[in-house]
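Below: the structure, in C-alpha cells.
Rule-based calculations on the coordinates, nothing more; no lab input. If you're wondering where the values come from, they're calculated on a predicted model, not measured in any experiment. Here Cβ is always computed from backbone atoms with ideal geometry, including for glycine, and neighbour counts include all displayed protein chains.
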Amino acid sequence: MQMPQNLGSVARNILWQFGHQGLLILNAVFVGAIVARHLGPESTGMVANAIALVAMLAPIVTLNSDNAFVRDYVQKPESRSASFWSLIVCRSLLAGACVFTLLLALFTRLIPVSSTTEQFVLAVTIVNLLLQPWNLAKAVLDAEMISKFWTWYLNSTLVSIALLKIWMVSTRFTVEYFAALTTLELAINTFGIVIITYFKRLLPKPTFPKLEVIYEVIRENLPLAASGICVAIYVNIDISMLRYLTTSAEVGIYSVACKMSSVWYFIPMIASASFLPSLSRLHAEDIEKYWVALNRYFELIAALATACVVISLVCFPYVIPMLYGPKFDRSVNMFFIHIFSSPFAFLGVARVTHLSIEKNYRFLLFATLSGVILNIALNWLLIPYWGGFGSAFATLLSYAFSSYATSFASPSLRKIAAIQTRSLVRSPLNIVQMLLRFIKNQK
C-alpha cells in the first residue's frame, strides 16, 4: 500500500519542479528580452559576463554535494544536524575565499574592466557566491519530497521580480540597478527557502560543525566537484573569453544567440529523469533488453533534438529581432551556428544516463575535460578573427567532440558510438514515424 503513495509523491515532486523550470525559461526569454532591449548589447554583455564568472565558480563553493547530502539525510537521520551545519560551514568558508580572491583581483585590475560600471556589475554579482551555501535548505525540502513549497515561493518571487524589472525598464533604470536586483532576488529566494524549511520544522538543529564530517564531505565530493567545475567552465567559458578578447557589446549579442539556442536543453534532462529508473532496472535484470531500450531512448532523444533544431531555424530568426530589436540583429547569424550544437548536447545527456547506470564516471570526466580544453583552444584561436561567430563555432565543434566523437575513443563505448551515429542519421525518419503514430492515435 505504501508504494503507490511514494510513487505519487515522486511524480508530484517532479511535476512541481518541471513547472518551475518552464516558468524560468519563459521569464528568461521574454522578460530577459525586454531588459536586454532596454540595456543594449554592451550592458547586457556586462551582466552576462558577470553571471558566467559566478557560474564557473559555484561548483567550488557547493562541491556538487547536494545529492550526497540528500542520500545521507535519508539514510542517516541521526546525523542530519552535523551533516547540514558542517556542510554549511565548509561551503561558507569556500565562498568567502572565492569572493575575497575575486574582489581583490577585480579592484587590483587583474580582472580587466572597461569602466567603473562594469567593475560594479562584476562586484555586486560576485557577492552571489556568499549565498550559495544556503541552497542546502532546498535540498532538505527535496529530500522530504515537498518541492511544492519552495516552487510556490520561487514562482511568486519570480513573477514579482519580473514585474519589477518591467517597471524599471519603463522608468529607464541603468544596468547597475539590474545587477543589484539580481543579487537581491537571489538573497530573497535563498533565505525565503531557509525560512520555509524552518517553519516546516525541517531545518536541522544548530550544532557545532565537526572536522571529520567536513573532511569526509570534501573527500567524497572532490571528484564530483571537479566534474562540476569542468561542466561549468565548459558551458560558460565562451562568454568570459569573448569578453576579454573583444568587447562587452559582442558578449551581449552572442549571449542572446546562446540563450535562444539553449532554450530547449530542459527536454533531454526531463527525458533522462523519466527513463533512468526503468533503464537501471533493465540493466540489472536483462542486459539484452536494456540495450534495446537504450537504443530506443537514444533515437527518441535524437528525434527530439532534430525537431527542436527545425522549429528553431523556422521560427527564431523572426523571434529574435522582434523580441530584442535591431541592435541584436547579428545574434541571428550567430544563432544559426550555435543551434547545431543542440543535437550533440542532447546526445551527451543521453550518454550520461548510460554512464551513470554503469558508474563509468572516469570516462565522463575525461570527455568533459577534453571538451573544456578543446573549447578553450578553439575560442582562443577563433575569437580574435570572428568574435562571437568564432565562439559559436568553438561551441559547436567542442560539443560534437566531447559528446559524440569521444565515444569512439573507448572500447567500452564503441557500441554507444554506433547507437549515437545511427540515431543521428535516422532522426528525420523517426520524427515522421512519431507524427504518423500521433495522427493514427487521434483517429
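The figures follow:
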{"item": "Segment 318-348 versus segment 138-196: alpha-carbon centroid distance in Å", "result": "27"}
{"item": "Packing rank of 280-291, 192-203, 362-373, 391-402, where each peptide gets the mean count of other beta carbons within 10 Å, highest leading", "result": "391-402, 362-373, 192-203, 280-291"}
{"item": "Listed residue pairs exceeding 26 Å between alpha carbons, taken from LYS289/LYS415; LYS76/LYS138; LYS259/LYS415; LYS76/LYS200", "result": "LYS259/LYS415"}
{"item": "Spin-label pair TRP167/GLU78, simplified geometry with 7 Å Cα→Cβ offset, distance in nm", "result": "5.3"}
{"item": "Distance from segment 35-54 to segment 258-317 (C-alpha centre basis), Å", "result": "31"}
{"item": "Residue order, fewest to most surrounding Cβ atoms within 10 angstrom, among CYS315, CYS98, CYS230", "result": "CYS315, CYS98, CYS230"}
{"item": "Prolate/oblate/rounded call for segment 35-128, Cα gyration tensor, a/c under 1.5 rounded", "result": "prolate"}
{"item": "Shape of the chain, Cα gyration tensor, a/c cut at 1.5", "result": "rounded"}
{"item": "Size of charge dipole - the chain - debye, nearest 20, with Cβ of Lys, Arg +1 and Asp, Glu -1, no other charges", "result": "800"}
{"item": "Anisotropy class of segment 253-443 from Cα gyration tensor, a/c 1.5 cut", "result": "oblate"}
{"item": "Residue order, fewest to most beta carbons within 10 Å, for ILE270, ILE301, ILE339, ILE311", "result": "ILE311, ILE270, ILE339, ILE301"}
{"item": "Around GLU42: net Lys/Arg minus Asp/Glu count, Cβ-Cβ under 15 Å", "result": "+1"}
{"item": "Helix-only mean residue ellipticity at 222 nm for the chain, each DSSP H run of n ≥ 4 adding -39500 (n - 2.57), per residue, nearest 500", "result": "-28500 deg cm²/dmol"}
{"item": "Partners for LYS210 among aspartates and glutamates (Cα-Cα distance below 16 Å; same-chain residues under 8 apart left out)", "result": "ASP72, GLU78, GLU220"}
